[in-house]
1. With a 10 Å Cβ neighbour count serving as the proxy for reagent exposure, in which order, fewest first, do 150, 100 appear?
2. Select from 95, 73, 20 the residue farthest towards the positive end of the dipole of the chain; place +1 on Cβ of Lys and Arg, -1 on Cβ of Asp and Glu, and compute about the Cα centre.
3. In which sequence would 123, 134 go, from the one with the fewest C-beta neighbours within 10 Å to the one with the most?
4. Counting only helical runs of four or more DSSP H residues, what would the 222 nm mean residue ellipticity of the chain come to if each run contributes -39,500 (n - 2.57) and the total is spread over all its residues?
5. Can you tell me how the range 54-102 classifies by the Cα gyration tensor, rounded, prolate or oblate, using a/c under 1.5 as the rounded cut?
6. Taking the structure as given and computing Cα extents along the principal axes in Å, which label from [x] 60, 40, 25; [y] 47, 27, 24; [z] 51, 34, 33 fits?
7. Helix 127-151 sits at what angle to the longest principal axis of the chain, using alpha carbons and giving 0 to 90 degrees rounded to 10?
8. Rounded if a/c is under 1.5, else prolate if a/b beats b/c, else oblate: with a ≥ b ≥ c from the C-alpha gyration tensor eigenvalues square-rooted, which is the range 21-88?
Amino acid sequence: MEKKASLNTAWDIGKYVSILYRIGVSHFSRRMRENEIESGQHAFLFYLFSHNGSSQDEISKALSLDKATTTRAINRLESQKFVERQRDSEDHRINRVFLTEEGKNLESSLRSISKEWESILLKGFSDQETQLLKEMLLRLSDNAVQYKLTKL
């Protein structure tokens, strides 16, 4: 008999989000090893695939990460030749981050890995359940970001 999980407390929600995150990181790390991409770097690359040339500050805000974390990740991606920084032509205080050709070449592989993980997670879900889940996760994320902006 299959055991059904019930969510009785906020801790339960956090526990399941944590499980999804940890196993997801393991999946991405294992699958991205061939590209020498470390855990967490894929988020920066995914953002740059659709926002190439963003400033480091824009990346930090979009990913809800502190500037130091963003700087470390961009430094690592730059040392691997996946991205390059360029000073903004109008405001030299701003560093813009651009994918190199090598970085752009990762997009297909990373999107495939992401699709694979999504298929694993959504196994047995109907299209309607999938859409509802996406809407609910977006609301949870929005609530967390609002809290961070106003309380932290």
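1. With the fewest neighbours first, 150, 100 line up as 150, 100.
2. Final value for the positive-end residue is 20.
3. Result, fewest neighbours first: 123, 134.
4. Computed ellipticity for the chain at 222 nm equals -21000 deg cm²/dmol.
5. Working: a/c = 1.86, a/b = 1.05, b/c = 1.78.
Oblate.
6. Recomputing Cα extents along the principal axes in Å here gives the entry labelled [x].
7. The angle comes out near 60 degrees.
8. Taking the square roots of the gyration eigenvalues as a ≥ b ≥ c, the range 21-88 is prolate.
Each value in this text was obtained by applying a stated rule to the coordinates, not by laboratory testing. Only a predicted model underlies this, so the values are computations on that prediction, with no experimental measurement involved. When we count neighbours, we look across all protein chains shown, and the Cβ atoms used for this are built from the backbone with ideal geometry, even at glycine.
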